[in-house]
Amino acid sequence: MIIGIASVLVPCIIGLAFQTGRLLVVQGLMEKMEIIGFTALQATTTFPVVSHLLIELKLTNSELGRLALSSSLISGLLAACLELSTILATEKHGPMKVALTVLLGLFAALVLRPAMLWVIKQTPQGKKLHSSCVPIMVAVAFLYQIAFDALRQSQALGPFILGLAVPSGPPLGSAVIETLEVVTNSIMFPVFVATCAMRGDLYTMVTMGFSNRGYYARAILASLFVKFLSCLLLSLPWMPRADSAVLALIMCSKGIYELSVFAVQRDTQAINESLFSLCLGYIILNSAIIPIIVKYLYDPSRKYVGYQARNLFSLRPNTELRVLTCIHKPHHVGYMINLLDIICPTEENPIGVYALHLVELVGRATPMLISHQKQKAVSDNCSIEVILAFNQYERRTYGLTSVNTFTSISQPKFMHDDICTLALDKSTILLLTPFHITWALDGSIESEDNTMRALNSRVLERAPCSVGIYFNRGNVRVYDGAAAPRSSDASSSFSSAYSVCVLYLGGRDDHEALCLATRMARDSGLELTIHHLVSKEDTNTTNRLSHERMIDEVVLKEALQKVSNLPNVKYIEQVVEDGPQTAMAVRAISSNHDLFVVGRRVGVDSPQTTGLAEWSEFPELGVIGDLLASKDVETKASVLVVQQQKQFK
């Protein structure tokens, strides 16, 4: 609020003070209005320009991006109010025009919005709107543009106010976006910019006279400097200097909105050709230079680089295990809750669950990260099923698990920012995300989501904690949304124990998988098998890797000591020569267990996996996880692939 208001008022006041002498010299009302309008436009930050800049720089979901979007929205609304005040004070029929403008805004909020909400309510969930709804919306937008133009307002202000009244998201908001986005962004936007640039005349700008050219150039630079300085100083108490400078630069950005206003003023002869060309040149330089500087100064991923160990291997005994679970689709809820049950929360080692429902951003410009309070009504929320399921899970664990639910509404290519930011803020130890392939109960592939796959890759690259990718290849033991996992096949029978197998080869990721598996073993209703695949070359190696293998042996020995008194744990050691033998060993046991826990082991070369990487189809799973996900391996088991917190250099 402070930055949004100050970024308009301070440059506007100082800019008008800077031009006091010229205002006193100029006699005509139109010339004075030209100076005032020019100064006010330089002081304004508009939401569409900032939003477009942040999308191009992939900063929409960053903390700085969210702050810039909110500040620019406040700045744009304040600028509209100042414009109304100017009309009220200077024009003959100003009060009537202002009253009509306010009435149009109230009509959009009090009449059109309820009507749109009624249409949405009449549309069955998951169905598209009636074919006539979108053309009517477009026609109303044109009428608002014509009305605001007749009232001597900015032509873009009418559709902008109408857009604020349109309910965001599907089905209406997304339908309008899908209909107009291709035409406006791919055709009208570049054509408009090109025609504006063609109307600019460099010769008239050069020959406009040294005094006028210098005066307007100084006014532009002074406004830019004052705006930058005011945003910088006001944000310094809350953020580092570099981030404050980046935010100030974003708030100083100019683009399509300012270009459209200057083009209209040129067409109506409110400004002359020379001034239009000067402003056109400034907008081009501004939109070319500021993104480069912002990209250089600000990297949102650097905050994930932490020196504090946030992994299972470093977790102290009798400490809460904080887990962030990502939910993309409804069927992920049951699998994730089943996995949390297997992790085995106890009074000494409770689990703190942060459930994040990921929803694609459609029909709105600003992303949202919503924290749900259980005592609030959630009946109209898109995450209602996720919230209720996790709340029910919390109740049936009798205080051993605490649950907090969140919803991230964002573009898929930016969702990793919300995931990693929440993991960082909540100091989570393990981040669980579903695999992009869904298997049916008969073991066949039901669906693939390449967008989810790209998201998982970005999460693995940037996560500030350990990451687990989880998938179920058709295990009939599923969660039914009631009290506990159950079999979906009445004819199937299970032993009382749930069989878990950890495949141990060595390496940081396998250490993490082993720590998680030993935690699961504390549940007496679960059988844990530690399957150690040993290479024949281990005893003959004398190079640097021997030290790493010695660490692997120490970690394994300590883990076996922790579970030595548990009757539900058994240890198997198998010698393999190379990758093909490892693949045969994995295939042989693939149907003997309900859940496999394996390390991702990216970048770890060992004799046990020689030659397997060349045939890997899913690098995000590692070579062992890829084997268990391969269609050549007949299994219906669930698989959890674990990557320990990355060591950033």
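Before moving on, here are some points about what is shown:
- Of all residues in region 507-535, those that are more than 15 Å from Val569 (Cβ to Cβ) and open to solvent by 10 Å² or more (accessible area, probe 1.4 Å) have Cβ atoms under 9 Å from Cβ atoms of residues that are of a type in the set (A, V, I, L, M) and in a helix (DSSP H, G or I), 6 or more apart or on another chain, in His511/Ile551; His511/Val555; His511/Leu556; His511/Ala559.
- Residue selected from region 563-605 under the condition among the basic types (Lys, Arg) and buried (at least 17 other Cβ atoms within 10 Å of the Cβ), by the criterion nearest to Tyr498 (Cα to Cα): Arg600
- Any chance Leu285 is out of contact with any Leu (no Cβ under 6 Å at 6 or more places or on another chain), assigned to a helix (DSSP H, G or I) and in contact (Cβ under 8 Å) with a residue 12 or more places away in the chain: no
- Among all positions in region 129-136, there is no residue which is of a type in the set (Val, Ile, Thr), closer than 21 Å to Gly105 by Cα, at pLDDT 85 or above and touching a helix residue (DSSP H, G or I) at 6+ places or on another chain (Cβ under 8 Å).
- Applying the set (1) at pLDDT below 85; (2) surrounded by fewer than 21 Cβ atoms within 10 Å (Cβ to Cβ); (3) within 14 Å of His531 (Cα to Cα) to Gln608 leaves exactly one unmet item: (2).
- Taking the criterion of being within 18 Å of the chain's Cα centre (by Cα) and touching a residue at least 60 places away in the same chain (Cβ under 8 Å), the residues of region 436-454 that qualify are Asp449, Met452, Arg453.
- Whether a residue is modelled with pLDDT under 75 and either open to solvent by less than 30 Å² (accessible area, probe 1.4 Å) or of a type outside the set (Gly, Ala, Ser) (or both) was assessed, and Ile35 passes this test.
- Output for region 547-559, where each listed residue is open to solvent by less than 50 Å² (accessible area, probe 1.4 Å) and either closer than 15 Å to Cys515 by Cβ or among the acidic types (Asp, Glu) (or both): Asp552, Val555, Leu556, Ala559
- Answer from Thr397, Thr405 - the residue that is modelled with pLDDT under 90 and of a type in the set (Ser, Thr, Tyr): Thr397
- The residue that is farthest from the chain's Cα centre (by Cα), counting only those in region 631-649 that are under 22 Å from Tyr335 (Cβ atoms) and open to solvent by 20 Å² or more (accessible area, probe 1.4 Å), is Glu634.
- Selection within region 210-254: residues that are more than 30 Å from Leu59 (Cα to Cα) and open to solvent by 30 Å² or more (accessible area, probe 1.4 Å). The member of this set that is modelled with the lowest pLDDT is Phe210.
- Tally of residues being under 26 Å from Ile2 (Cα atoms) and among the basic types (Lys, Arg) across region 236-289: 2
- Tally of residues being closer than 20 Å to Ala517 by Cβ and of a type in the set (A, V, I, L, M, F, W, C) across region 601-632: 8
- Residue match in region 405-419 (condition: among the acidic types (Asp, Glu) and not in a helix (DSSP H, G or I)): no
- Which numbered condition Lys295 fails, given (1) closer than 22 Å to Val8 by Cα; (2) assigned to a helix (DSSP H, G or I): (1)
- Taking region 38-56 as the range and being modelled with pLDDT of 85 or more and either farther than 18 Å from Ser230 by Cα or small (Gly, Ala, Ser) (or both) as the test, the residues that pass are Phe47, Pro48, Val49, Ser51, His52, Leu53, Leu54, Ile55, Glu56.
- Residue check for Ala423: touching a Cys at 6+ places or on another chain (Cβ under 7 Å), surrounded by 18 or more Cβ atoms within 10 Å (Cβ to Cβ) and under 25 Å from Arg66 (Cβ atoms): yes
- Conditions (1) more than 18 Å from His511 (Cα to Cα); (2) at pLDDT 85 or above; number of the one not met by Glu558: (1)
- Taking the criterion of being more than 21 Å from Ala80 (Cα to Cα), part of a loop (DSSP other than H, G, I, E, B) and in contact (Cβ under 8 Å) with a residue 40 or more places away in the chain, the residues of region 111-153 that qualify are Thr123, Lys127, Lys128, Leu129.
- Region 57-102 - residue that is at pLDDT 80 or above and of a type in the set (D, E, K, R) and, of those, surrounded by the most Cβ atoms within 10 Å (Cβ to Cβ): Arg66
- Residues in region 10-32 that are surrounded by 16 or more Cβ atoms within 10 Å (Cβ to Cβ) and of a type in the set (A, V, I, L, M, F, W, C) were compared, and the one that is modelled with the lowest pLDDT is Phe18.
- Flag for Tyr257 being without any contact (Cβ under 8 Å) to a residue 12 or more places away in the chain, assigned to a helix (DSSP H, G or I), hydroxyl-bearing (Ser, Thr, Tyr) and open to solvent by 30 Å² or more (accessible area, probe 1.4 Å): no
The values are calculated or read from the model by the stated rules, or taken from the named source; none is laboratory data. Worth saying up front: this structure is predicted, and the values here are computed from it rather than measured. Every residue, glycine as well, gets a Cβ built from its backbone with ideal geometry; the counts of neighbours run over all protein chains shown. For accessibility, only protein heavy atoms count, side chains too; no ligands or nucleic acids. Shrake-Rupley method; radii C 1.70, N 1.55, O 1.52, S 1.80 Å.
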